[in-house]
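In what follows, a structure is listed as structure tokens, so that the remarks can point back to it.
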Amino acid sequence: MITIQTEPLLTPQFALERCSEIVIGIGCAILADLLFSPRSIKQEVDRELDSLLVAQYQLMQLCIKHGDSEEVDNAWGDLVRRTAALEGMRSNLNMESSRWVRANRRLKALNTLSLTLITQSCETYLIQNTRPELITDTFRELFETPVETVQDVHRQLKRMRRVIVWTGERETPVTLYSWVGAATPLSVA
């Protein structure tokens, strides 16, 4: 403990030293934040959204093929985990800055859409257990085209919307119609 009772003229010097310590501490905290804090999570969210859309399409491909149920279960579980992780990213983005309010609302809606796509894909798989003829050859051929990028998915969704308009709602299984409808806003995110 430092006292100034014996030498009162040292008071300004002690005050100046203490203020200097505070300023240096604040400067170090700012520098550490700049160096060690991650940049905005927004770019990571954008990359994950693109990757998630491709994975959603690939899940629907698996469900249309009506292949191995274990493979479908694994893909389904992975997408549910990734959608939950996206929700966590949304929370981080919300805490990051108030400027991401609109992005936060959009991510909340996209999270719901992602879960809808998973549900529609799995329903398509389950429907084929009892009524495999419901999925026509037209849609089977559309989903045979492999996709690797978001642009591939955009092209395929565009083709599917055209086919649905051409064949009509009545000739399109409800799960596919709903899936394409839910995937469209996700593809323009």
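The values are calculated or read from the model by the stated rules, or taken from the named source; none is laboratory data. In this text the structure is predicted, and so the values were computed from the model without any measurement. For neighbour counting, all protein chains shown are included, and Cβ atoms are generated from backbone atoms with ideal geometry for every residue, glycine included.
Of the conditions (1) buried (at least 16 other Cβ atoms within 10 Å of the Cβ); (2) more than 20 Å from the chain's Cα centre (by Cα); (3) modelled with pLDDT under 90, Arg90 satisfies every one except a single condition; which number is it?
(2)
Within the set of pairs 6+ apart or on separate chains, which have a first residue in segment 113-135 that is crowded, with 20+ Cβ neighbours inside 10 Å, a second that is among the basic types (Lys, Arg) and in a helix (DSSP H, G or I), and C-beta atoms under 8 Å apart?
none
Given the residues Gln43, Gln5, which is the only one that is closer than 26 Å to Asp152 by Cβ, loosely packed, with under 10 Cβ neighbours inside 10 Å and modelled with pLDDT under 90?
Working: Gln5 fails: closer than 26 Å to Asp152 by Cβ.
Checking each option against the conditions leaves just Gln43.
Just a yes or no: is a residue in segment 163-177 in contact with a Leu (Cβ under 6 Å, 6 or more places away or on another chain), within 27 Å of Val45 (Cα to Cα), part of a helix (DSSP H, G or I) and touching a residue at least 40 places away in the same chain (Cβ under 8 Å)?
First, pick out the residues of segment 163-177 that are in contact with a Leu (Cβ under 6 Å, 6 or more places away or on another chain): 173.
Checking the rest, the ones that are also within 27 Å of Val45 (Cα to Cα) come to none.
Looking for residues that are in contact with a Leu (Cβ under 6 Å, 6 or more places away or on another chain), within 27 Å of Val45 (Cα to Cα), part of a helix (DSSP H, G or I) and touching a residue at least 40 places away in the same chain (Cβ under 8 Å), one finds none in segment 163-177, hence no.
Among the candidates Asp73, Asp46, single out the residue that is within 14 Å of Ile118 (Cβ to Cβ) and not in a loop (DSSP other than H, G, I, E, B).
Working: Asp46 fails: within 14 Å of Ile118 (Cβ to Cβ).
When all the criteria are applied, what remains is Asp73.
Go through Val153, Val180, Val147, Val163 for me and flag whichever is surrounded by 17 or more Cβ atoms within 10 Å (Cβ to Cβ) and more than 23 Å from Leu115 (Cα to Cα).
On the way: Val153 fails: more than 23 Å from Leu115 (Cα to Cα); Val180 fails: more than 23 Å from Leu115 (Cα to Cα); Val147 fails: more than 23 Å from Leu115 (Cα to Cα).
Only one candidate passes the filter, namely Val163.
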